[in-house]
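Encoded as structure tokens, the structure appears first; notes follow it.
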Amino acid sequence: MLVWSRSGRRLAWFLAALLFAVIYGLPIAMIALASISGQWNGVLPSHLTLMHFANSVQGESGDQLRVSIMTGAIASAVALVSGTCAALALRRIAGAPKRLLDAIFFIPSAVPSVSVGLGLLVAFSQPPVLLNGTTLIVVIAHFVLISAFTYGSVSAGLGRLAPDYEQVAESLGARAFYRLRRVTLPLVAPYLIAAFSLSFAFSMGELGATVMVYPPGWVTLPVGIFSLSDRGAIFDAAALTIILAVTTLIVLIGLSRVSTKAAVR
């Protein structure tokens, strides 16, 4: 329903801001306060300290952050390549076959991540393909979960791409690979970067499938946060959560700047 009066618009904005603050702002504020808390016996914490952040950058936590970044980058890059190839291959298909293939590609996003992890654990725990206990099975789990997002983003970009540019290049004698490399991909570059950003952000926070398949030597930061909270180290877990969120935000901001420059070009 449209709100036409000025007072109605103000009320709508106030309710939206209040809802946003309660649902998003309050949990984030609580995590931020917990990350600098020495004690929390009352309404607000006391004995504020940065010791939890100091502990987070030492020992296993630093390695876990590195593992999360590497896993997210590798899985997102592979998903971007495969999603782009699939979107390019299916862009000329229409009707029921296109809808069926789209549904197949989006199935991983509809399956709970724990189920994906369990399926990989069962499928690759016996020869001839034995991946249980390896780093590769973690990357595969992240790839399966984020592949639908990359395919959907690239497909949306190709759907909005006017065919005139490729037709003009073809009329001038450009071969198919040249058109793809110099015309199609540069025009959808913002969508490619957005797909990678979304996949990376999802991978950085993924827990359900990872906790099912990760080996002892390849522990991601969400698994580390879960382990700390399970042991009752809530303040240390909150500090790691802030570090995870800030690191992901920095990467996304950097990629958004690249995407903006690509769109301008």
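The values are calculated or read from the model by the stated rules, or taken from the named source; none is laboratory data. All values reported here derive from a predicted model rather than from experimental measurement. Positions of Cβ are generated from backbone atoms using ideal geometry, with glycine treated the same way; all protein chains shown enter the neighbour counts.
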Problem - Residue ranges of helices (runs of 4 or more DSSP H) in segment 162-261 with at least 2 members of a type in the set (D, E, K, R) - result: 164-171
Practice task
Note down all Cβ pairs under 8 Å where the first residue falls in segment 177-193 and is closer than 14 Å to Ser256 by Cα and without any contact (Cβ under 8 Å) to a residue 40 or more places away in the chain, the second is surrounded by fewer than 16 Cβ atoms within 10 Å (Cβ to Cβ) and small (Gly, Ala, Ser), and they're at least six residues apart or on different chains.
Solution key: Tyr191/Ala156
Exercise for the section: Test Leu255 against the stated conditions and say whether it is crowded, with 16+ Cβ neighbours inside 10 Å and in contact (Cβ under 8 Å) with a residue 60 or more places away in the chain. Expected result: yes
Practice task
Test each condition in (1) loosely packed, with under 11 Cβ neighbours inside 10 Å; (2) closer than 23 Å to Ala245 by Cβ; (3) hydrophobic (A, V, I, L, M, F, W, C); (4) at pLDDT 85 or above for Ala29 and report the one that comes out false.
Solution key: (1)
Problem - Ile146 touching a Ser or Thr at 6+ places or on another chain (Cβ under 6 Å) and of a type in the set (Val, Ile, Thr) - result: yes
Problem - Residues within segment 114-125 that are assigned to a helix (DSSP H, G or I) and within 19 Å of Ser82 (Cβ to Cβ), tallied - result: 4
Exercise for the section: Could you tell me whether any residue of segment 63-77 is among the small types (Gly, Ala, Ser), over 22 Å from the mean Cα position of the chain (by Cα) and surrounded by 15 or more Cβ atoms within 10 Å (Cβ to Cβ)? Expected result: no
Practice task
Kindly check whether there is at least one residue in segment 117-132 that is touching a Phe, Trp or Tyr at 6+ places or on another chain (Cβ under 7 Å), loosely packed, with under 13 Cβ neighbours inside 10 Å, free of Cβ contacts under 8 Å to residues at least 12 places away in the same chain and under 27 Å from Val213 (Cα atoms).
Solution key: yes
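Tell me the residue from Ala96, Ala87 that is more than 20 Å from the chain's Cα centre (by Cα) and at negative phi, please. Working first, answer last.
Details: Ala87 fails: more than 20 Å from the chain's Cα centre (by Cα).
Being more than 20 Å from the chain's Cα centre (by Cα) and at negative phi holds for just one of Ala96, Ala87, which is Ala96.
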